[in-house]
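The values are calculated or read from the model by the stated rules, or taken from the named source; none is laboratory data. This structure is a prediction, so every number in the text was calculated from the model and none was measured. Every residue, glycine as well, gets a Cβ built from its backbone with ideal geometry; the counts of neighbours run over all protein chains shown. For accessibility, only protein heavy atoms count, side chains too; no ligands or nucleic acids. Shrake-Rupley method; radii C 1.70, N 1.55, O 1.52, S 1.80 Å.
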Amino acid sequence: QVRLVESGGGLVQAGGSLRFSCAASRMTFNIYSMAWYHQAPGKQRELVATISSGGNTNYTDSVKGRFTISRDNAKNTQYLQMNCLKPEDTGLYYCNAELEYRDYWGQGTQVTVSS
């Protein structure tokens, strides 16, 4: 069973930065598409950024220029560098792995951005 473990959440002031890591195991990491999702309080989970097995990236408009998704296939880990954080970035962030329309999720890591 695929296992994804996020780390790096916390409390930060607006304008600050955080970096998430997602360590993957029990999977052939380099063939999966990876992504980060955000669930704000009281809202549905939404896609933030994706990175394909080949390294192509996409971002939702609200984080373009502020967030950077990356992956290190040698370490079976993906990352999300978040800069210029805003209060609306507050919420749970989930690591996602997808292969052949099958999704796997981490447990989520909490970010609170104070104004």
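Report, by residue number, each residue of the range 16-46 that is part of a loop (DSSP other than H, G, I, E, B) and either in contact with a strand residue (DSSP E or B) (Cβ under 8 Å, 6 or more places away or on another chain) or over 14 Å from THR90 (Cβ atoms) (or both). Residues satisfying the conditions are GLY16, SER17, ARG26, MET27, THR28, TYR32, ALA40, PRO41, LYS43, GLN44. Would you call ALA49 under 16 Å from THR28 (Cα atoms), open to solvent by less than 60 Å² (accessible area, probe 1.4 Å) and in a strand (DSSP E or B)? It is false that ALA49 is under 16 Å from THR28 (Cα atoms), open to solvent by less than 60 Å² (accessible area, probe 1.4 Å) and in a strand (DSSP E or B). Annotation note: Cβ proximity below 8 Å between a residue of the range 93-115 that is touching a residue at least 40 places away in the same chain (Cβ under 8 Å) and closer than 16 Å to HIS38 by Cβ and a residue that is among the basic types (Lys, Arg) and assigned to a strand (DSSP E or B) (sequence gap 6+ or interchain) occurs for TYR94/ARG45.
Condition test on GLY55, is it without any contact (Cβ under 8 Å) to a residue 40 or more places away in the chain, under 15 Å from the mean Cα position of the chain (by Cα) and not in a strand (DSSP E or B)? It would help to see each step written out before you state the result.
Numbers: without any contact (Cβ under 8 Å) to a residue 40 or more places away in the chain: yes; under 15 Å from the mean Cα position of the chain (by Cα): yes; not in a strand (DSSP E or B): yes.
Considered against the rule, which asks whether it is without any contact (Cβ under 8 Å) to a residue 40 or more places away in the chain, under 15 Å from the mean Cα position of the chain (by Cα) and not in a strand (DSSP E or B), GLY55 comes out as yes.
Restricting the range 71-112 to residues that are among the aliphatic types (A, V, I, L, M) and over 16 Å from the mean Cα position of the chain (by Cα), which is most open to solvent (accessible area, probe 1.4 Å)? Walk me through how you get there before you give the answer.
Of the range 71-112, the ones among the aliphatic types (A, V, I, L, M) are 74, 80, 82, 85, 92, 97, 99, 111.
From the residues that got through so far, the ones that are over 16 Å from the mean Cα position of the chain (by Cα) too are 74, 99.
Values: ALA74: 99, LEU99: 47 Å².
Of everything passing the filter in the range 71-112, ALA74 is most open to solvent (accessible area, probe 1.4 Å).
Among the candidates GLN13, GLN1, the residue that is over 14 Å from the mean Cα position of the chain (by Cα), surrounded by fewer than 16 Cβ atoms within 10 Å (Cβ to Cβ) and modelled with pLDDT of 95 or more is uniquely GLN13.
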